[in-house]
Amino acid sequence: MSRRILSLLLFWLAMSVGQAQTVLRIDSLPPQGLLLDKGWLWHEGDNPDWANPTFDDSQWERIDPAKDIMELPQVRKAGIGWLRLHLQTDSSLVLPEALILLVRQMAASELYINGRFSKRFGTVSPNPDQVEAVHAYFQQVSLPAPGESALVLAVRIAWQPGLPYNRFAAAANSLYGVTATTVSRLNSYIVYRNITNIYVFSKVGVFFILALLHVLLYIFYPPQRANLFFSISSLVFFHHWLGLGLWTNGLLTDSGTIMYLGLIRALLYPVGYVFLVTALYSAYAFARSIYYRISLITCVLLAVIYWTDYQNGVLWIEIGSTIVMTAEALRVTVVAVRKKQRGATIILIGMVLSLIGLSLRYLLMFTPLFISRFPFSVAQIYSNSFETFGTLCIPLSLSVYLATEFAFTSKSLAAQLAAVKLLSAQTLAQEQEKQLMLTQQNETLESKVTERTAQLQQSLDTLKTTQAQLIQKEKMASLGELTAGIAHEIQNPLNFVNNFAEVSVEMTEELRENLQKGNITNAVELSEGLGENMSYIVENGKRAASIVRSMLEHSRSSSGERRPTNLNELAEEYLKLAYHGIRAQDPDFQVQLCTQFDDKLQLVTVAPQDIGRVLLNLYNNAFYAVRQKQQQQDNGRDSAVYQPQVTVSIRADQDAIALYVKDNGTGIPSTIVDKIYQPFFTTKPTGQGTGLGLSLSYDIITRGHGGDMRVESCEGEGTEFVIHIPLN
Amino acid sequence: MPKKILVVDDEAQMKPLFEARFRREISSGEVHLAFARSGEEALTVMPGSGVVLILSDINMPGMSGLELLRRIRAVNPQRPPAVVMITAYGDQNNRQQASHYGADDFLTKPIDFKLLKDKLTEFVVDDQPSAS
């Protein structure tokens with residue numbers, strides 16, 4: 001009690017001495033320590049004597065060095081100066097344990113305690129260019145041994161101009177902030193700081209992992225661009241929390257680095273949120289709405305505020321962008337949930353949890369509702385937990401959402417793969433079935449083709465047989481036409497054979513009689529006559545035989561045998577046969593036959609029967625034509641004018657024989673001249689022609705002998721057939 | 001007076017054949033034979049020859065026997081001369097035509113000379129009174 005009275009007396013004395021000296025008295029220390037922001041004196045300039053505790057500083061200017069440098073224009077103007085503080089602690093406070101000072105600064109300083117140099121932060125120099133300010137964040141300075149209750153703190157201090165001063169994490173850039181505490185109190189502070197570190201670096205780690213994870217997811221599956229946006233967002237927040245962690249732990253001390261880092265950190269903060277919201281838009285596959293643009297513009301405005309408002313700019317940009325972007329994220333998510341967007345509920349839950357976490361944190365921090373109930377460190381643990389929980393809920397929910405999307409994509413791909421496999425199998429099965437059907441159809445077709453071929457072959461055989469029969473019929477028909485001619489031809493020699501034989505019988509009788517009578521002269525005469533008769537018989541017998549042979553040759557089925565042939569003779573022989581044939585039918589028929597054979601013609605290798613048949617056919621046609629015309633003329637009583645004529649010519653040149661059969665008959669109408677070689681085409685009345693004559697003739701000449709057969713005809717004037725037979 | 005017979009045929013051996021078969025009649029002066037190788041030749045030989053019988057082939061190059069008959073009958077509608085057609089074609093069609101044109105008879109080859117000689121007597125003897 002007496003001590004307190006004494007203290008009060010001393011204080012009063014000090015005050016009453018005319019304010020010669022300002023003394024800061026510390027009676028009690030709160031758990032978190034006491035910020036020494038009063039009692040400080042300032043003088044610009046640099047003088048080593050000012051460290052002396054006994055130096056009279058009563059004329060010095062009062063100052064609060066814990067203030068931000070930007071709020072201390074006199075310091076900035078001076079560049080260098082001294083701070084002094086007279087500190088009086090209560091002995092009850094001092095006795096059990098020594099006082100510890102914790103220094104925060106954003107300048108260069110040298111601390112003297114009771115005139116003795118104690119601690120240096122940075123490089124102090126009257127030359128502003130040499131000043132190196134460092135950032136000290138609750139750096140410990142130990143005081144002399146316990147018990148000393150009166151202290152004079154003298155600080156030689158300089159500020160570093162030319163730095164982009166800004167408030168890192170909203171904390172003031174104190175010139176020289178000193179907090180007094182004790183060892184026991186410091187321990188709880190360290191615990192608090194360690195806890196804070198754990199939470200801060202947990203966030204750093206989580207955001208790093210999220211950035212890495214989602215950039216990998218993006219690389220693995222580029223179509224989901226939400227992963228890329230979310231990865232960038234996470235990278236920004238990783239940077240944000242890492243910066244804070246480095247700052248609070250004093251791992252970063254260089255003022256310049258910290259200022260630049262702070263600047264970047266503050267400006268990047270809304271960027272991180274913008275990417276977070278962009279990731280949501282991308283994940284929901286929404287077109288960017290007007291709200292998105294408004295939020296972006298707001299962020300730009302917040303950046304401008306940050307640039308202009310030194311004191312609260314950081315709060316504006318960080319809290320403002322958090323509110324704006326979280327609201328937009330919430331809005332978009334609610335829309336997505338309403339649209340029953342797959343997985344949007346996950347993010348909504350994340351957002352709700354985030355709100356709950358952050359709300360609890362701020363309730364804990366700023367209301368006495370909880371603080372009074374827990375010890376400081378415990379409250380800090382809760383506070384940090386809620387804060388970390390709240391901060392991480394949205395990114396984690398988005399991450400979970402994207403992961404489920406990835407999984408869904410994989411699943412759907414797997415399902416699609418399975419479907420494709422199934423379809424492939426089905427297609428394969430169908431293909432095989434089709435193949436089988438095709439094979440079967442092929443087999444059926446093949447068997448049908450075989451069957452049809454056999455049928456066709458049979459038809460062909462039948463046709464061949466029929467053709468052979470028809471050819472035979474045609475032969476027989478022409479033979480029929482010939483019969484009369486042949487009969488005439490054969491009757492003539494027969495006539496001679498018979499009659500000469502009969503005469504010979506008579507003459508033989510006479511010869512015997514004459515011989516018996518001894519009439520030798522008569523006998524010789526008779527025997528000479530007999531000899532002549534015999535030679536006539538032989539000659540005519542041969543002639544008949546030759547005719548029969550020709551006839552046989554003509555009718556013989558196996559024609560086509562080739563041998564050297566005198567075409568002149570062949571043409572004449574058949575002309576005769578044909579002529580007699582038609583004369584036999586119509587004895588009244590008269591025709592002038594002209595032959596113009598080539599005397600120099602050598603033997604030509606042909607099938608004589610075939611060529612004979614052709615000639616016979618042409619002759620018959622020619623006779624038929626002239627006869628028709630004659631009959632027409634007769635009907636018109638104009639017979640004197642018309643003289644039927646058939647001309648047969650043979651001419652040989654170097655490589656071919658040309659046979660001409662020309663008549664001045666009715667001619668062939670131009671309308672049917674194309675059809676005359678068609679099988680079964682005939683102009684003759686039914687039963688008189690087979691219609692095969694010219695067809696077979698054409699075949700014999702073109703296919704049989706490699707020649708050609710042409711016709712020139714003028715209706716009413718006549719027809720000429722020209723046959724060319726190549727010599728080789 | 002030998003009976004003058006004209007044989008018209010394109011076959012050259014008809015001459016030796018007829019001469020052989022009528023050798024007795026020729027040597028006895030009963031028959032005189034003349035030959036023509038075509039209808040045209042026959043028509044040139046005919047006038048004023050005193051031919052009482054013409055034996056003609058039908059089927060000859062150029063003028064046929066039937067045409068020859070027609071021409072003869074155009075000048076001499078009745079015998080003499082008697083005209084007998086001899087042909088290898090013995091069909092009905094030819095016979096009818098020959099008869100239609102005024103032939104006295106129709107013989108087919110090979111010639112039956114016995115029959116011919118009989119007919120010869122018939123043709124010539126029967127006609128003799130009307131001719132004289």
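Residue by residue through region A:126-169, note down the ones that are crowded, with 17+ Cβ neighbours inside 10 Å and small (Gly, Ala, Ser). Hits for region A:126-169 are A:133, A:136, A:149, A:154, A:158. Scoring residue A:402 on the criteria (1) more than 30 Å from residue A:281 (Cβ to Cβ); (2) within 34 Å of the chain's Cα centre (by Cα); (3) surrounded by 13 or more Cβ atoms within 10 Å (Cβ to Cβ) leaves a single failure, condition (1). From the list B:64, B:56, B:27, the one residue that fits, being surrounded by fewer than 19 Cβ atoms within 10 Å (Cβ to Cβ), polar (S, T, N, Q) and within 14 Å of another protein chain (Cβ to nearest Cβ), is B:27. Considering only residues in region A:619-658 that are at pLDDT below 85 and among the hydroxyl-bearing types (Ser, Thr, Tyr), the one that is nearest to residue A:566 (Cα to Cα) turns out to be A:642.
Condition check ((1) more than 10 Å from chain A (Cβ to nearest Cβ); (2) under 13 Å from the mean Cα position of the chain (by Cα); (3) within 25 Å of residue A:537 (Cβ to Cβ)) across all residues:
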position	(1), (2), (3)
B:37	yes, yes, yes
B:46	yes, yes, no
B:52	yes, yes, no
B:71	yes, no, no
B:75	yes, no, no
B:78	yes, no, no
B:98	no, yes, no
B:106	yes, yes, no
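Every condition in (1) under 30 Å from residue A:681 (Cβ atoms); (2) charged (D, E, K, R); (3) touching a residue at least 12 places away in the same chain (Cβ under 8 Å) is met by residue A:452 except one, and the failing one is (3). Summed over region A:503-534, residues that are part of a helix (DSSP H, G or I) and over 19 Å from residue B:13 (Cβ atoms) total 18. Of A:498, A:540, all but one fail to be surrounded by fewer than 20 Cβ atoms within 10 Å (Cβ to Cβ) and within 14 Å of chain B (Cβ to nearest Cβ); the exception is A:498. Being closer than 23 Å to residue A:170 by Cβ and without any contact (Cβ under 8 Å) to a residue 40 or more places away in the chain, is that true of even one residue in region A:281-294? Checking region A:281-294: not a single residue is closer than 23 Å to residue A:170 by Cβ and without any contact (Cβ under 8 Å) to a residue 40 or more places away in the chain. The set of residues in region A:330-344 that are free of Cβ contacts under 8 Å to residues at least 60 places away in the same chain, in a loop (DSSP other than H, G, I, E, B) and surrounded by fewer than 16 Cβ atoms within 10 Å (Cβ to Cβ) comprises A:339, A:340. Counting only strands (runs of 3 or more DSSP E) that sit completely within region A:557-608, those holding 1 or more residues that are more than 30 Å from residue A:466 (Cβ to Cβ), within 14 Å of another protein chain (Cβ to nearest Cβ) and in contact with a Pro (Cβ under 9 Å, 6 or more places away or on another chain) correspond to A:592-596. Counting residues in region A:189-204 that are part of a loop (DSSP other than H, G, I, E, B) and modelled with pLDDT of 90 or more gives zero.
This table checks each residue for (1) among the polar types (S, T, N, Q); (2) surrounded by fewer than 21 Cβ atoms within 10 Å (Cβ to Cβ); (3) outside any loop (DSSP other than H, G, I, E, B).
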position	(1), (2), (3)
A:209	no, yes, yes
A:213	no, yes, yes
A:230	no, no, yes
A:233	yes, no, yes
A:240	no, no, yes
A:252	no, yes, no
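When you look at residue A:525, is it without any contact (Cβ under 8 Å) to a residue 40 or more places away in the chain, of a type in the set (Asp, Glu) and within 14 Å of chain B (Cβ to nearest Cβ), yes or no? Yes; evaluated as a whole, the condition is true for this residue. Pairing each residue of region B:1-24 that is touching a residue at least 60 places away in the same chain (Cβ under 8 Å) and within 9 Å of another protein chain (Cβ to nearest Cβ) with any residue that is part of a helix (DSSP H, G or I) and among the acidic types (Asp, Glu), provided the two are 6+ apart or on different chains, yields C-beta distances under 9 Å for B:21/A:502; B:21/A:506. Among the criteria (1) among the hydrophobic types (A, V, I, L, M, F, W, C); (2) free of Cβ contacts under 8 Å to residues at least 60 places away in the same chain; (3) touching a helix residue (DSSP H, G or I) at 6+ places or on another chain (Cβ under 9 Å), the one residue A:75 does not fulfil is (2).
Taking the numbered list (1) facing chain A (nearest Cβ under 8 Å); (2) surrounded by fewer than 22 Cβ atoms within 10 Å (Cβ to Cβ); (3) in contact (Cβ under 8 Å) with a residue 40 or more places away in the chain in turn, residue B:110 passes all entries but (3).
The values are calculated or read from the model by the stated rules, or taken from the named source; none is laboratory data. The structure displayed is predicted, hence computed values, not measured ones. No Cβ is skipped: glycine too gets one built from the backbone with ideal geometry, and neighbour counts run over all protein chains shown.
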